[in-house]
Protein chains: 2
Amino acid sequence: MTYCVAIALDEGLVFASDSRTNAGVDQVSTYSKMHSFEVEGERLFVLLTAGNLATSQAVINRLKRDLDDGAEESLATARHMSEAAEYLGRLNREEQEKHQEALTKAGFTPDASFILGGQIDDEEPAVFMIYPQGNFITTSPHTPFLQIGESKYGKPILDRILMPSTSLADAARCALVSMDSTMRSNVTVGPPIEMLVYRKDSFAQDHYLCLEADHPYLLELKRAWDEKIREAFCELPAFAWEAAQSGRRRGTQVSTKPHRKKRKPATKARG
Amino acid sequence: MTYCVAIALDEGLVFASDSRTNAGVDQVSTYSKMHSFEVEGERLFVLLTAGNLATSQAVINRLKRDLDDGAEESLATARHMSEAAEYLGRLNREEQEKHQEALTKAGFTPDASFILGGQIDDEEPAVFMIYPQGNFITTSPHTPFLQIGESKYGKPILDRILMPSTSLADAARCALVSMDSTMRSNVTVGPPIEMLVYRKDSFAQDHYLCLEADHPYLLELKRAWDEKIREAFCELPAFAWEAAQSGRRRGTQVSTKPHRKKRKPATKARG
């Protein structure tokens, strides 16, 4: 499994990815799922990958070869980020088609998904998620992030914190918290965690981190978040029935009496 | 979709369920997914349901009919909670088989899952999750909760907070926070939220709440949690690169320099 997230902010872009790849639980390895392509002072792309490893490696190779060969169409020729996403979607579909029949017969799927983010010239930085079928979506002010892979465990914190005006550093921290929640709940998502911060109009990586499981910052972030979540939890409002229990400090007391009609569970049988 | 969670604690049991049922996005209705069966002073069962509504309603009816008819096997005759879970699993399979062929032809599935919790006589209270195939699992000290339906969004907070020694009230709050995170991320999980707290050896419902979306306690809990999560987030340790930014209050500063080797993203092509 995989977990990757990319965030589009007023200040720039943030990318994070785990590095665990598995083909069954007894075949687990570490592969980077973050790849960057730069044309100095002119364009920068960051690619995150999920799904079939053979497909995503083949697509990355095609991207590199097209760049090296000065091909008619490549990441260097795309005029817009959406054009680059379309090109990537086509490569993805083509690579999948090569092995579709054989894989399907064997009960596997060649499906791969990508997140492509970056900036071309004076266009706004942008992020796209490319589906296995080659079509793609981008972010919106209400949903300034895109996820691929095991996305559910880590989504609530992104929903709560991220807005286009969030700072790059806060968004990077939010992505790490989201990654931590995912790793706790799904063992097929694992370190090292790669993190890349891109500041708008810089056409270079602002910050790149590769955090192993025992990296001091990651350990401190996990410890602090765990402690603060527990503290926050302890301050939640008490139920009315707890009022009698003295010695219990609680932020607020709110009545838990149903304000409409009192309902009992639908079925109540007595034997 | 559905989200139900049951928690087994030293002090007793906590159950929570949403009430949204949908057959496609244009056919959404409200059904209780929580059902209780009591034999006064002797046994109490709480049932949570997920999956095909026709199957779960049929199973509930069978449970009630067997109780009313004084059947040879019923929730009133089970000697152990695991025996009750086995009986429920058999009813579930039988009800599914009745319509399996017709539903499969039409592209539907009769699958339903259940959580059955409760206490029989002087046995320890227990919770079981019953799969569509009729087999079942219970909790453990390391995993004192079971979930059915849309379980991923709400799992991280349960993982962080719950232990067998957690109080009934804290576990009930934790279940509500878990439910709130799930409802934010998946619109097919919705209010009212039902919550039932069972205190060990009481053989009666300790507390039952049915919280509509605008219930004062639910609103206050959501507001408080959102605020406290943001506060907690703001206190997370800063990255080393933020050190230069003055005027920014941060709890701790931890070096983000990789402590092993410095790694760059795997691919770095220049066009």
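No value in this document is a laboratory result; all are computed from the given coordinates. None of the values given here were measured: they were computed from a predicted structure. No Cβ is skipped: glycine too gets one built from the backbone with ideal geometry, and neighbour counts run over all protein chains shown.
For a quick check: with amide H placed at 1.01 Å from N, whose amide H comes under 5 Å from B:LEU211's, ignoring anything fewer than 5 positions away on the same chain?
B:ILE193, B:GLU194, B:MET195
Apply the Karplus curve 6.51 cos²θ - 1.76 cosθ + 1.60, θ = phi - 60°, to the phi angles in the range A:57-66 and return the couplings in whole Hz, x for Gly and Pro.
Once θ is set to phi - 60°, the couplings for the range A:57-66 become 5, 5, 5, 4, 4, 4, 4, 5, 5, 4 Hz.
Relative to the present Cα-Cα distance, how much length would full extension add between B:GLU42 and B:THR30 at 0.36 nm per residue of separation?
1.1 nm
In whole angstrom, note down how far apart the Cα centers of the range B:28-102 and the range A:70-104 are.
Using only Cα atoms to place each centre, the spacing works out to 52 Å.
Between A:GLN57, A:MET129, A:GLY70, whose Cα lies farthest towards the positive end of the dipole of the range A:1-140 when Lys and Arg beta carbons carry +1 and Asp and Glu beta carbons carry -1, centred on the Cα centre?
Among A:GLN57, A:MET129, A:GLY70, the one farthest towards the positive end of the dipole of the range A:1-140 is A:GLN57.
Determine ³J(HN,Hα), in whole Hz, for all residues of the range B:166-173 in sequence, where each value follows from phi through the Karplus function 6.51 cos²θ - 1.76 cosθ + 1.60 and θ = phi - 60°; x replaces Gly and Pro.
Computed from phi, the couplings for the range B:166-173 are 4, 6, 4, 5, 5, 5, 5, 4 Hz.
Take B:ARG79 and A:GLU212, extend 7 Å from each Cα along the Cα→Cβ direction, and tell me the distance between the two endpoints in nm.
5.6
So how tilted is helix B:216-234 from the main axis of chain B? Cα-based, degrees 0 to 90, rounded to 10.
30
At a Förster radius of 25 Å, what calculated FRET efficiency corresponds to the Cβ-Cβ distance of A:ALA240 and A:ARG160, to the nearest 0.05?
0.40
Give the long-range amide H neighbours of A:LEU9: residues separated by 5 or more places, or on another chain, with amide H under 5 Å away, using H modelled in the peptide plane at 1.01 Å from N.
Correct list: A:VAL14.
If you keep only loop residues by DSSP, which GluC sites (Glu not before Pro) in the range A:50-115 have at most 11 other Cβ atoms within 10 Å of their Cβ?
A:GLU72
Given H placed 1.01 Å from N in the peptide plane, which residues other than close sequence neighbours of B:PHE128 have an amide H under 5 Å from its amide H?
Long-range HN contacts for B:PHE128: B:LEU116, B:GLY117.
Need the full-extension length gain, A:ALA54 to A:VAL187, defined as separation in residues times 0.36 nm minus the C-alpha distance. One decimal, nm.
45.7 nm
Which single residue of chain B puts its beta carbon nearest to the axis of rotation relating B to A, and what distance, in whole Å, does that give?
So the chain B residue sitting closest to the axis is B:LYS152, 2.
Distance check, please: which entries in A:LYS222/B:LYS228; A:LYS105/A:LYS152; A:LYS155/A:LYS200 exceed 23 angstrom between their Cα atoms?
Too far apart for the 23 Å limit: A:LYS105/A:LYS152; A:LYS155/A:LYS200.
Residue by residue through the range B:43-51, what is 3J(HN,Hα) from phi via Karplus (6.51 cos²θ - 1.76 cosθ + 1.60, θ = phi - 60°)? Round to whole Hz and write x for glycine and proline.
Along the range B:43-51, the couplings run 7, 9, 10, 10, 10, 10, 10, 9, x Hz.
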